[in-house]
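Visitor: My questions will all concern the structure given below.
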């Protein structure tokens, strides 16, 4: 099992070596939201993770605005931080904005299509909580073998969220994780399934 964190400007990291020393091997870092927001500390988080041998990846917080504009903004920012390089964690699409519930499957399908067209890369994570995976999203409609699912369910049992899909790969098991080098709480994640490790990296 592999362990990781996901972070944004809400998280301060004082000692990336200490983070790595806590058996953290990947870090998904917020880089963009909507068509115009860029997380101001994404570059520092990315550089810090890399310096400690942690695979950094970027994630995009989706909003109900133009998909093409969001994809371009996301990809441009990933490229600016070398987060489409071969050592990077696969990027993640964060699906939790309430305004997307009514059209979520069509949104995800089109976002993935455009991301692949622009980058020439296939592998991507889609993140949502248990409610979304149970009541909103239908991954069988849009997920192929290069799309992996990431569930948030804070049950304190890393890697065992109590919900299953053949493409489930990551479990965000707490939003009150404690990791040396990070003051305060941080989201902690664990891989799920034997094949999850192979899908962590972008290519």
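The values are calculated or read from the model by the stated rules, or taken from the named source; none is laboratory data. The structure presented is a predicted model; accordingly, all values stated were derived computationally and were not measured. Note: ideal-geometry Cβ built from the backbone for every residue, glycine included; neighbour counts use all protein chains shown.
Visitor: Looking at the structure I just gave you, is residue 12 surrounded by fewer than 19 Cβ atoms within 10 Å (Cβ to Cβ) and either under 12 Å from residue 186 (Cβ atoms) or at pLDDT below 95 (or both)?
Guide: Criteria met by residue 12.
Visitor: Which condition number in (1) free of Cβ contacts under 8 Å to residues at least 40 places away in the same chain; (2) on the phi < 0 side of the Ramachandran plot is the one that residue 170 fails?
Guide: (1)
Visitor: Output the residues belonging to the stretch 94-110 that are under 27 Å from residue 49 (Cα atoms) and outside any loop (DSSP other than H, G, I, E, B).
Guide: 94
Visitor: So in the stretch 46-56, with the set limited to residues that are surrounded by 15 or more Cβ atoms within 10 Å (Cβ to Cβ) and touching a helix residue (DSSP H, G or I) at 6+ places or on another chain (Cβ under 9 Å), which one is farthest from residue 128 (Cα to Cα)?
Guide: Per the criteria, the residue is 52.
Visitor: Can you work out which of the residues in the stretch 62-93 that are without any contact (Cβ under 8 Å) to a residue 40 or more places away in the chain and not in a loop (DSSP other than H, G, I, E, B) is farthest from residue 128 (Cα to Cα)?
Guide: 80
Visitor: While we're on this one: For the stretch 146-186, how many residues meet the condition of being within 17 Å of the chain's Cα centre (by Cα) and either over 18 Å from residue 11 (Cβ atoms) or assigned to a strand (DSSP E or B) (or both)?
Guide: 22
Visitor: Moving to a separate point now. Hey, among 10, 3, which residue is free of Cβ contacts under 8 Å to residues at least 24 places away in the same chain and out of contact with any helix residue (DSSP H, G or I) (no Cβ under 6 Å at 6 or more places or on another chain)?
Guide: Testing whether each residue is free of Cβ contacts under 8 Å to residues at least 24 places away in the same chain and out of contact with any helix residue (DSSP H, G or I) (no Cβ under 6 Å at 6 or more places or on another chain) leaves just 10.
Visitor: It is to be established whether one or more residues within the stretch 146-153 are at negative phi and touching a residue at least 60 places away in the same chain (Cβ under 8 Å).
Guide: no
Visitor: Here's a follow-up. Which of the following residues is at pLDDT 95 or above and under 12 Å from residue 5 (Cβ atoms): 189, 160?
Guide: The conditions single out 189.
Visitor: Only one of (1) at pLDDT below 95; (2) surrounded by 16 or more Cβ atoms within 10 Å (Cβ to Cβ) is not met by residue 128, so which one is it?
Guide: For residue 128, the failing item is (1).
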